[in-house]
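Everything below concerns the one structure shown next.
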Amino acid sequence: MNESFPSALTSPFPQEEADHLQSLYEVNDTLKQVVADGLEIDEVLPRVLGLAMNELNAGGGSIVVLDEQGKPQHAWIMTEDEPLEEDLPFFERALSGGLIGWVTEEQRTLRVADTRNDSRWLPRPGHITSEESWTAVCSPLLVRSRAVGAITMTRPGQDQFTDDEIAFLDALANQAAATIESARLYEESQRRAGELGQLVAAATAITATLHVDEVLETVANQMCELAQAQGCMIYDVDRESSRLTHRILIVPQAARENLMVEDVPHRLRRALEELGTQILEPRQIAANSSDLSRAERAVLELTGARYVLLVPLRVRGQSVGVVTLFNLTVERRFEEEVINLTHTLASHAAMALENAHLYEASQRQVKVGALLNEASRVLNSTLDTTEILQSLLGQMNELLHAEAISIALVDEQRNELVYEVAAGIGSKEIVGLRLPSNRGISGWVMEHGVPALVPDTAVDERFNLQGDRRTGHSTRAMICAPLQVKGEVLGTVQAINPLKGTFTAADLQLLDNLGNLAGSALHNAQQFARTQAAEARYMRLFEDSVSPILLTNSEGYIVEANRRAEVFFAYAKDELRGTPLQQIHAAEPPEPLPDFEAIEHDAVTSFNSLIQQQEGRTVPVEVYAKRTSSGETELLQWIYRDITHQVELEEMREDLTAMLVHDLQSPLANVISGLEMLRYELPPDSDPLLRSIMEIVARSSQRLRTLIRSLLDITRLEAGHPIADAGYHDVRALIADAREVVEPSMARREAELLVEMPDELPPFYGDDDMIRRVFVNLLDNASKYTPEGGEVTVRIRQTENGEMLQVSVSDQGVGIPPQYREQVFKKFRRVQKEGGPKGMGLGLAFCRLAVEAHGGDIWIDDAPDGGARFNLTLPTTPAGLHTEHR
């Protein structure tokens with residue numbers, strides 16, 4: 001039987017009523033301790049439950065307290081033979097479909113006469129009330145028409161609780177409910193006092209500094225602490241462009257790597273800018289909302305959070321930034337109290353940020369004035385162009401804080417901008433870059449003589465990509481100012497990619513001021529340099545040089561000559577002036593005159609030629625040419641040296657070599673043929689000594705033939721003939737052939753040949769016979785200088801670009817001193833050492849000519865284990881092969 005009872009004490013038994021009142025007084029005293037002594041509810045309510053069970057002689061009992069969302073917050077169960085225990089999951093089930101749920105929803109007391117026959121009774125698994133008849137009564141804990149919990153009593157048997165006992169339980173429930181409400185109000189007041197203290201502390205911390213970055217970092221940390229958020233990202237409004245700029249990010253390190261990857265901050269900025277007009281009040285974005293805008297979905301996606309709180313930073317009705325709060329590993333909605341606190345703190349933060357910006361601007365103005373004064377003093381205290389440029393670069397870097405800064409000067413001869421000095425990313429690569437004066441933003445500034453601010457180069461048609469291609473870095477934004485004096489532009493100064501925020505009009509004004517100062521100083525320095533250069537030119541020109549010297553303009557006409565030139569060319573100075581340089585050279589010189597434009601400034605270019613003296617005699621000469629300056633004019637200087645004697649000696653040597661080769665070739669062929677016939681005629685049982693002698697003579701004849709062929713090849717290669725018989729060949733096979741040739745001599749010295757190479761190597765492209773003889777020469781040379789019992793090591797590998805094979809031959813000799821490493825590759829040159837191997841000095845000369853004719857290089861360095869190491873490269877494709885001698 002089920003009955004509902006009013007919450008009133010109507011017992012007809014005075015003594016029993018007195019007992020109940022006494023118990024209620026005890027309960028009241030116990031509950032007072034919650035407020036009076038500061039005890040926790042979970043310390044007091046179990047006592048109340050015990051008093052109620054004793055007073056009602058109950059066999060079991062329970063009490064549950066609900067939170068603001070109606071879910072179990074505290075719960076206790078007590079039986080006669082079981083200790084007190086807490087079982088929140090059981091009470092969650094009882095609230096959803098049990099007796100407690102019915103009572104808290106209906107907000108009235110209910111008695112269940114027989115627990116076995118009422119579906120609202122939800123026994124714990126295995127409890128006796130599911131098998132035997134028990135009576136249960138449950139009273140709600142009501143506060144202002146809201147159930148904050150329930151108390152339940154059980155007793156064995158049916159219809160066990162009287163109306164008076166139920167009235168007692170209602171009175172006890174009312175007392176407990178009032179105490180719970182008082183405790184919660186006290187706890188809420190304490191919490192609000194704590195929040196207020198935290199808010200005051202946060203506001204105090206924010207206003208403790210006037211540095212923008214420190215203010216933003218403090219705001220981020222205080223916001224995270226106040227909202228119990230894991231992450232905070234702040235975007236500050238740029239004062240010039242009114243666009244959001246990413247300034248600060250506070251998240252765990254693992255999340256930082258994800259949030260800062262690629263362009264996440266920039267994409268999040270664009271999404272926030274799209275929401276900007278709507279973020280006037282704090283706004284929570286929840287992933288489970290059905291009406292999210294595109295920008296809101298982007299914010300959730302980019303932060304990786306389920307809930308994001310956007311808090312505007314506004315001062316005097318103007319937006320100065322936006323704070324984005326989120327949790328990355330905890331899915332928690334931001335409560336209304338938290339949102340209000342962050343909004344209040346945001347007001348303090350916006351004012352602190354505005355003050356910091358004003359302070360920063362004032363400090364910047366002071367610093368700019370001081371730096372401009374210092375720059376003016378330094379720039380006008382020197383006449384050294386390099387010092388001026390370096391000083392200007394330092395002054396710029398002091399304030400602009402850009403990724404890269406550079407200075408380009410005008411080359412009037414070519415009408416180009418030449419980048420002279422730079423700092424920051426790509427500085428090494430950008431120096432020396434030449435751009436036409438009408439190309440790029442720098443060219444535009446040079447042409448118009450006015451500064452330019454480009455916040456986004458991607459949408460500026462003046463931007464030129466040549467600098468980015470050269471440095472490998474992308475230019476996103478740029479400011480550029482002219483270096484000019486009296487309307488003449490001497491160059492440009494430019495800064496790219498601000499490290500923070502964007503370039504502003506103030507940055508451009510600073511750059512323009514520095515450019516004007518530097519232009520004046522640079523003009524003075526250039527004038528001084530021109531004067532000095534002119535004096536130096538005339539001093540050098542009229543010195544008594546032992547060599548003939550001519551000066552020509554860029555068109556190749558002679559403008560000046562020294563006294564020695566008059567004697568050597570047999571022309572008077574007046575006759576030489578105005579004459580084309582080509583006119584005094586023979587019509588068909590050994591080498592053509594170099595392109596005037598290709599001759600670098602102060603870099604010497606040498607070549608051989610023939611000059612014709614006035615009387616018609618032709619003289620071979622070695623010419624040294626370099627570019628020099630005379631005032632504002634660039635000149636070319638030509639120094640001549642008579643090499644008639646050297647040419648005659650070389651011709652005599654070549655004639656002698658040709659004669660020897662020609663006269664030895666036919667007899668040697670007969671000797672080799674005769675030796676081959678004799679070897680075949682020797683009987684099998686002939687004297688071993690005789691056979692050994694025949695082998696020695698045969699090998700010596702072959703070596704002589706190889707020497708003659710090398711002489712022929714040297715002559716042919718020096719004449720510039722290309723490689724005639726080229727194809728793909730296995731370098732392993734050529735190394736093996738060369739090994740067979742030098743094996744006997746190495747065996748006599750008990751030396752060992754080691755070959756190290758990978759299993760897979762591409763073939764090389766070229767003349768296999770010529771390269772085979774190169775390997776024979778190098779192995780034979782290494783074996784001669786390796787001590788007895790030593791090792792000769794051959795290493796072969798493919799170069800990194802895959803276009804060449806590199807072969808190294810190392811010996812264990814005494815090595816070759818650095819000053820002789822070029823000499824040994826010349827004909828008839830050797831490093832003479834007492835007791836060392838003898839030779840004509842042609843082997844290495846042939847090696848160099850053969851390798852270079854194949855498009856490769858050959859050089860000497862120290863072997864890893866001592867001795868000399870000869871290195872050469874060979875092409876793997878026809879593209880690497882020379883078609884003419886260089």
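What to note about this one:
- Placing pseudo-labels 7 Å out from each Cα toward the beta carbon at ASP861 and SER347 gives an inter-label distance of 7.2 nm.
- Put GLU461, GLU447, GLU575 in order of accessible area, highest first, and with a 1.4 Å probe you get GLU461, GLU447, GLU575.
- Long-range HN-HN contacts of GLY790 with modeled amide H, under 5 Å: GLU752
- A Förster radius of 41 Å combined with the Cβ-Cβ distance from ARG462 to GLU800 puts the calculated FRET efficiency at roughly 0.60.
- The simple spin-label model puts a point 7 Å past each Cα toward its Cβ; for ARG184 and ARG93 those points are separated by 2.6 nm.
- Distance in nm between pseudo-label sites at GLU760 and LEU51 (7 Å out along the Cβ direction from Cα): 9.0 nm
- Computed accessible area, MET446, all protein chains, 1.4 angstrom probe, square angstrom: 30 Å²
- Once the chain from ASN117 to HIS645 is taken as fully extended at 0.36 nm per residue, the excess over their C-alpha distance is 176.7 nm.
- Full extension of the chain between GLU622 and GLU132 yields a length gain of 163.8 nm, computed as 0.36 nm times the residue separation minus the alpha carbon distance.
- Extension reserve of the MET694-ALA747 stretch, reckoned as 0.36 nm per residue once the Cα distance is removed: 17.3 nm
- Sites ARG414 and GLU591 - FRET efficiency at Förster radius 35 Å, r taken between beta-carbons, to 0.05: 0.85
- Cβ-derived FRET efficiency at R0 41 Å, ALA295 paired with GLU106, nearest 0.05: 0.30
- Note on the stretch 580-620: dipole from Cβ charges, positive end direction compared against ALA603, GLN613, PRO589; the farthest Cα belongs to GLN613.
- Near the amide H of PHE764, within less than 5 Å, lie the amide hydrogens of HIS729, VAL731, all on another chain or at least 5 residues away, with H placed in the peptide plane.
- Accessible-area ranking of LYS826, LYS573, largest first, probe 1.4 Å: LYS826, LYS573
- Taking all protein chains together and rolling a 1.4 Å probe, TYR765 ends up with roughly 40 Å² accessible.
The values are calculated or read from the model by the stated rules, or taken from the named source; none is laboratory data. What you see is a predicted model; the values in this text were computed from it and never measured. Cβ sites come from the backbone with ideal geometry, for glycine too, and all protein chains shown count toward neighbours. Just so you know, the surface numbers come from the protein's heavy atoms only, side chains and all, with ligands and any DNA or RNA stripped out. Shrake-Rupley method; radii C 1.70, N 1.55, O 1.52, S 1.80 Å.
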